[in-house]
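Engineer: Okay, here's the structure, questions in a sec.
Taken together, the values in this text are just the output of simple stated rules run on the coordinates, not laboratory data. As the structure is a computational prediction, the values presented were derived from the model and not from experiment. As a convention, Cβ positions derive from the backbone with ideal geometry for all residues, glycine included, and neighbour counts pool all protein chains shown.
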Amino acid sequence: MQVAQSYLERGEALSGTREYPAAIAAYSIAIQLQPDFAEAYNDRGFAYYSSGNAERAIADFTRAIELRPNYPKAYNSRGVVYMAHGYGSARAIADFDRAIALKPDFRYAYINRANARLIRHPALALSDFHQAGMHPERVLVGAVAIFLAIGSAVVKRRRGHQRQ
């Protein structure tokens with residue numbers, strides 16, 4: 001168990017420096033040493049995803065969920081891959097829903113679900129953003145205010161030039 005944990009930690013360090021092939025190798029050793037190591041599957045899934053291998057990432061996140069059905073991080077991560085690689089928002093949203101059900105204060109799952117809902121269900125997306133402590137409508141109002149202020153300054157400047 002401790003040896004597997006040390007390979008997990010090595011993989012995490014390598015993943016942190018974006019050395020994904022080496023991280024995948026370390027996670028794979030952890031899994032060989034401890035085949036029921038859900039965290040190693042989850043983290044290897046992230047390394048696969050980060051290196052562009054969506055299929056292997058999904059397989060690892062799914063295995064982590066099989067080993068630990070109450071693992072919100074694995075559901076959230078798999079949902080991200082589903083969303084990013086064209087598997088459809090319904091699959092992604094189902095995983096984000098499950099992550100939130102398991103961990104009601106999971107900020108990133110709310111943000112990810114909001115992004116998945118944005119096009120078809122903007123009101124639900126806004127609610128999820130609010131749940132995550134974000135208020136994108138404030139940014140929009142601020143951007144409109146800046147746009148109007150710049151537009152007003154340009155109009156005043158043009159009028160000043162016309163009078164001369």
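Engineer: Quick one: dipole size for the range 2-58, taken about the Cα centre, charges +1 on Lys/Arg Cβ and -1 on Asp/Glu Cβ, in debye to the nearest 20. Intermediate values should be presented prior to the final figure.
Structural biologist: Numbers: 4 positive and 7 negative charges, 30 e Å.
Around 140 debye, computed over the range 2-58.
Engineer: Taking the Cβ of Leu124 as the centre, find all other residues whose Cβ is under 11 Å away and add up their charges (Lys, Arg: +1; Asp, Glu: -1). Could you put the intermediate results ahead of the total?
Structural biologist: Values: positive: Arg113, Arg117, Arg120; negative: Asp128.
Charge balance near Leu124 sits at +2.
Engineer: Related question: Net charge within 12 Å of Gly16 by Cβ-Cβ distance, Lys/Arg positive one each and Asp/Glu negative one each, not counting Gly16 itself? Can you show the working numbers first?
Structural biologist: Values: positive: Arg10, Arg18; negative: Glu9, Glu12, Glu19, Asp43.
Taking every other residue near Gly16 into account, the sum is -2.
Engineer: Separate question: Ranked highest first by average number of other Cβ atoms within 10 Å, how do 42-48, 96-102, 83-89, 70-76 line up? Please list the in-between numbers first.
Structural biologist: Working: 42-48: 26.1, 96-102: 20.3, 83-89: 14.7, 70-76: 22.7.
So the peptides 42-48, 96-102, 83-89, 70-76, ranked by packing, come out 42-48, 70-76, 96-102, 83-89.
Engineer: Starting from the Cα gyration tensor of the range 76-141, take the square roots of the eigenvalues, sort them a ≥ b ≥ c, and report rounded, prolate or oblate (rounded when a/c is under 1.5, otherwise prolate if a/b is larger than b/c, else oblate).
Structural biologist: Working: a/c = 2.19, a/b = 1.34, b/c = 1.64.
Oblate.
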